[in-house]
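Just so it is clear, none of the values below were taken in a lab; they were calculated from the coordinates. All figures in this text were calculated on a predicted structure; none of them were measured in a lab. Here the Cβ positions follow ideal geometry from the backbone for every residue, glycine too, while neighbour counts run over all protein chains shown.
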Amino acid sequence: MSFEQCFIQLPKIETSRLLLRQITESPEDGRDSLEFINDYSVYRFWGVYDEANDTNGRRRPKKKIKLDYHYKATMKEYKAKRELTWLMELKETGKIIGEIVLYDFRLNKQADIGYRINKDYWGLGFAPEAGQAVLKFAFEVMDLGRLQIRCFTNNNGSIRVAQKLGFVQEGLIRKGAIINVITDYYIFGKLKEEYQDSPIPDSQAKIILPEAWNETIIEDSNS
């Protein structure tokens, strides 16, 4: 599949407990997203808040209140072909509990993975479950050659997720940049050939390709 097709319409991915899908303008998506976006315990590790240089807490991000805030921010990056973001929807209830993102694409062969989850759902294995699905998509559908995860050195939860996904800790970056924050961080990497040694089966992650992709393939074959 073409790298460009991912930015025509984002495929859904179904796991045992989650439906990974693109955000919509619905009030429910907006409301659920604001729960984890505005949570200090979540955004402190997202690279948008320089906590180390804010000793009195006065520079914390302002609380987002508009229901369409996250939709607009997410789709802006998607339309610019900079990020692929899947919401994590609980199949049982329809609740949005977090998101997982492919970003910082390099030469259409490398990307970073980022994930953030509503703290009420921490420790239940949702991040590794979503991570496996995105690994499958990145290596099998997008044909990426390398994925990496950058974790703040004090973000033990994210470090455990990277390890559970089989990423190799490749080093410690001192005073490096994660989005808008300068910090020490660990870098974890996983190569396509390593994934191919133990690929994620369809029974664990089902990728649902959109009809728009098939139409593009037909058009390309006729051109």
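Here, the chain yields an orientationally averaged convex hull projection of 13.0 nm² when only Cα atoms define the hull. Of the residues Ser158, Ser2, the one with the fewest other Cβ atoms within 10 Å heads the list, and the complete ranking is Ser2, Ser158.
Residues of the chain were split at every exposed loop site, defined as GluC sites (Glu not before Pro) in a DSSP loop with at most 14 other C-beta atoms within 10 angstrom, and the longest piece left, sites excluded, is 93-223. Our summary gives segment 12-211 a relative contact order of 24 percent, counting only alpha carbon pairs under 8 angstrom and 6 or more residues apart. What is the distance in Å between the Cα centres of segment 159-199 and segment 1-74? Here the two parts' Cα centres lie 21 Å apart. Once the C-beta distance of Thr93 and Phe7 is scaled by a Förster radius of 25 Å, the resulting FRET efficiency is 0.25 to the nearest 0.05. Just to be sure I understand: of the beta bridges DSSP finds with both ends in the chain, what percent are antiparallel, rounded to 5? Counting only bridges with both partners in the chain, antiparallel ones make up about 95 percent.
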